[in-house]
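A quick write-up on the structure given underneath.
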Amino acid sequence: VAIEVATKRHCAALIVDSSITSAKESAKTFYPFLPAFFLRTKFDSIGKIRHIEAPKLIIHSPQDQLIPYSMGVKLYEAASEPKLFLRSAGGHNEAGIIGDNRTAAGFKQFLTGLNLL
């Protein structure tokens, strides 16, 4: 959702935490038996992130049990510069920014570097 908003409004920065690449790819991952034409919602984040000029911080954990870590990596790879990837720790519903010191430090560094903190 944040990527969608950032394509329509100016923002100082875009922060994406544990996000999907697209609804289509998510459906293939979670519901491989459903035909793709059932999806009305696109959420084509991977197609849109490359057009966002704002600095981007993408956070994802390899231990995320809900959204595959590979989706976070794909979003980062598709994003245009400037961009930063933080490999966080913990599961999808754990507060990585609060509980993981390395992620918290990277998050703070990102915002400080943009004079937003």
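The values are calculated or read from the model by the stated rules, or taken from the named source; none is laboratory data. What you see is a predicted model, and the numbers here were worked out from it, not measured in a lab. The area values use the complete protein model at the heavy-atom level, side chains included, leaving out ligands, DNA and RNA. Shrake-Rupley method; radii C 1.70, N 1.55, O 1.52, S 1.80 Å.
Give me the extension gain from Ala54 to Ala78: residue separation times 0.36 nm, minus the current Cα-Cα distance, reported in nm with one decimal.
Additional length available on full extension: 7.2 nm.
Run the 1.4 Å probe and let me know the accessible area of Val73, rounded to the nearest 10 Å².
40 Å²
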